[in-house]
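Q: First the structure, which I've put down as structure tokens, then a few questions once you've had a look.
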Amino acid sequence: MAKTIVAALVAFLTFESPLAASAQMNIRDRLVFDQISDQVNRYTRYTIFDSLSAAVENGRVTLTGWVTMPYKRDDIDRRIRRIDGVVSLENAVQVLPVSQFDDQLRFRIAKAIYGHSSFWQYASMANPPIHIVVNHGRVSLEGVVNSNVERMLARSLAGGFGALDVTNRLRTDAEVRESLASGN
């Protein structure tokens, strides 16, 4: 069963004792995913305007999401292919189109969210957890926040800047933990 998690998040991974070969594979996939997450988070050009997800199944990695520049997709591809345990990599990461309107929208929304006192603790992080993806005027908020109140506040702050649509894909820490526990 594939493990899909937003790569920007730092998750608590719990490891059970391997009782069967399938459990052993599950642990190996989780270790590969953890290394993928580490490689993405350590990539200095990965910003709050990029958003990636990875799925690992039997060492086969599927990478999806959005980046603002083509070289980022290629750099991350090379980093992940070097990870021990990666059997194959399907890189389905898309590059966001160049658009002055989209760039302005990204910066305005980032300033509104990370400039709000409720999100200052996130703004001071090396890899802030709220990612703002803008594609042809359509905004998607992705990542992880502490609570549903923060999720709703971020969505509220992202509105009002002329976006054609704002989709809130933020998840809470509790939802991420539940997802890991259930294997989704």
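Here, each number is a calculation from the coordinates, and none is a lab measurement. These numbers were taken from a predicted model, which means no experiment stands behind them. We place every Cβ from the backbone using ideal geometry, glycine too, and count neighbours over all the protein chains shown.
Q: Using unit Cβ charges (K, R positive; D, E negative) and no other charged atoms, how large, in debye to the nearest 20, is the dipole of the chain about its Cα centre?
A: Value, rounded to 20: 280 debye.
Q: Also, quick follow-up: Counting only DSSP beta bridges with both residues in the chain, tell me the antiparallel percent, nearest 5.
A: Bridges in the chain that DSSP calls antiparallel: roughly 50 percent.
Q: Taking only DSSP H segments of four or more residues, each worth -39500 (n - 2.57), what value at 222 nm results for the chain once the sum is divided by all its residues, to the nearest 500 deg cm²/dmol?
A: Mean residue ellipticity, 222 nm, calculated: -12500 deg cm²/dmol.
Q: Given region 100-173, what percent of its DSSP beta bridges are antiparallel, to the nearest 5?
A: So the antiparallel bridges amount to about 45 percent of the total.
Q: I've got another one for you. For region 128-144, what does the Karplus curve 6.51 cos²θ - 1.76 cosθ + 1.60, with θ = phi - 60°, yield as ³J(HN,Hα) per residue in whole Hz, taken in order and with x for Gly and Pro?
A: Coupling constants for region 128-144: x, x, 9, 10, 10, 9, 10, 10, 6, x, 9, 9, 10, 8, 9, x, 10 Hz.
Q: With the dipole of the chain worked out from charges on the C-beta (+1 for Lys and Arg, -1 for Asp and Glu) around the Cα centre, which of TYR122, HIS136, VAL98 lies farthest toward the positive end?
A: Farthest towards the positive end: VAL98.
Q: For ARG60 and LEU164, compute 0.36 nm times the residue count separating them, minus their Cα-Cα distance, and round to one decimal in nm.
A: Answer, rounded to one decimal: 33.8 nm.
Q: With a ≥ b ≥ c taken as the square roots of the eigenvalues of the C-alpha gyration tensor of region 100-173, please select rounded if a/c is under 1.5 and otherwise prolate if a/b is larger than b/c or oblate if it is not?
A: Prolate, since a/c reaches 1.5 and a/b exceeds b/c.
Q: Distance between the C-alpha centers of region 92-127 and region 40-73? Whole Å please.
A: Value for the Cα centre distance between the two parts: 16 Å.
Q: Within 10 Å of each residue's Cβ, count the other Cβ atoms and sort ASP77, ASP50 from fewest upward.
A: By the 10 Å Cβ count, ascending, the order reads ASP77, ASP50.
Q: Please report, in Å, the Rg and the Dmax of the chain, where both are computed over Cα atoms only.
A: Answer for the chain, Rg first and Dmax second: 16.8, 54 Å.
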